[in-house]
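Shown next, in structure tokens, is the structure this report addresses.
Just so you know, all these numbers are worked out from the coordinates, no wet-lab data involved. Everything numeric in this text was worked out from a predicted model, so none of it was measured. Cβ atoms come from the backbone with ideal geometry, glycine included; neighbour counts cover every protein chain shown.
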Amino acid sequence: KAGVTQTPRYLIKTRGQQVTLSCSPISGHRSVSWYQQTPGQGLQFLFEYFSETQRNKGNFPGRFSGRQFSNSRSEMNVSTLELGDSALYLCASSLAGRGQQYFGPGTRLTVT
Amino acid sequence: EDKVVQSPLSLVVHEGDTVTLNCSYEVTNFRSLLWYKQEKKAPTFLFMLTSSGIEKKSGRLSSILDKKELFSILNITATQTGDSAIYLCAVEAPRTGTASKLTFGTGTRLQVTL
């Protein structure tokens, strides 16, 4: 079975721009979660989607949004980028949202 | 707010040593505790613990959970250089019944030297 894939792997943007990141879960997995990882804060939960519905949301500003499609693929969007948004963005999938999550390789976003 | 604290933050040991990594938590609606290993990018799953006192073991790695004292430990015996990584502890504590939400600690960076 193919693992979780994320595109792009690396991205450089300037302040004020917006960005869209994509995540394809493991086949059959319906839950997709997104995390932001920075050296100072560690891994922080952004949101979780299940069957195209956002079920859970972390403490991030409204500039961070996401969606999930009927094939369970998910996208995350960050608008009006700030320098502090530079991070590794990881997505993880699971069958139904409980227990073990399988992580993708991440997208490294650099905001200049 | 849910909180997961790992200690130590970093650790340098010699190959062959035994190490113990700690994870304590304060969460509401605890469901499970998970350990992950992160070497380059994607964290890879090690253990999931739901019941107190039952040790999970995989090769040289083992882990146990204490739900009364709200902590878990991850032991690595006979460490090898390939064990060098960041070890992440996460607690599954969803706000709603079926949703998923992992709260991570900041991790323990382990370096194993020859």
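Per-structure values
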{"quantity": "Selection count, segment A:52-64, where residues are more than 11 Å from chain B (Cβ to nearest Cβ) and surrounded by fewer than 18 Cβ atoms within 10 Å (Cβ to Cβ)", "calculated": "5"}
{"quantity": "Some residue of segment A:92-101 being within 11 Å of the chain's Cα centre (by Cα), within 13 Å of chain B (Cβ to nearest Cβ) and more than 21 Å from A:PRO39 (Cα to Cα)", "calculated": "yes"}
{"quantity": "Test for A:GLY16: is it closer than 21 Å to B:LEU34 by Cβ, small (Gly, Ala, Ser) and touching a residue at least 24 places away in the same chain (Cβ under 8 Å)", "calculated": "no"}
{"quantity": "Unmet criterion (only one of (1) under 24 Å from A:TYR49 (Cα atoms); (2) at the interface with another protein chain (Cβ under 10 Å from one of its Cβ atoms)) for B:VAL91", "calculated": "(2)"}
{"quantity": "Enumeration of residues in segment A:68-82 that are under 21 Å from A:GLN101 (Cα atoms) and surrounded by 14 or more Cβ atoms within 10 Å (Cβ to Cβ)", "calculated": "A:GLN68, A:SER72, A:ARG73, A:SER74, A:GLU75, A:MET76"}
{"quantity": "Failed criterion for B:ALA42 (all others in (1) in a strand (DSSP E or B); (2) under 18 Å from A:SER94 (Cβ atoms) hold)", "calculated": "(1)"}
{"quantity": "Boolean, B:GLU39 is of a type outside the set (Gly, Ala, Ser), over 15 Å from B:GLN6 (Cβ atoms) and touching a residue at least 12 places away in the same chain (Cβ under 8 Å)", "calculated": "yes"}
{"quantity": "Residue within segment A:23-44 that is more than 14 Å from every other protein chain (Cβ to nearest Cβ) and either in contact with a strand residue (DSSP E or B) (Cβ under 7 Å, 6 or more places away or on another chain) or closer than 22 Å to B:CYS89 by Cα (or both) present", "calculated": "no"}
{"quantity": "A:LEU88 more than 12 Å from chain B (Cβ to nearest Cβ) and either surrounded by 14 or more Cβ atoms within 10 Å (Cβ to Cβ) or farther than 30 Å from B:SER10 by Cα (or both)", "calculated": "no"}
{"quantity": "Count - residues of segment A:79-91 that are hydrophobic (A, V, I, L, M, F, W, C) and over 10 Å from the mean Cα position of the chain (by Cα)", "calculated": "3"}
{"quantity": "Subset of segment B:14-39 (residues that are in a strand (DSSP E or B) and surrounded by fewer than 16 Cβ atoms within 10 Å (Cβ to Cβ))", "calculated": "B:HIS14, B:THR20, B:ASN22, B:GLU26"}
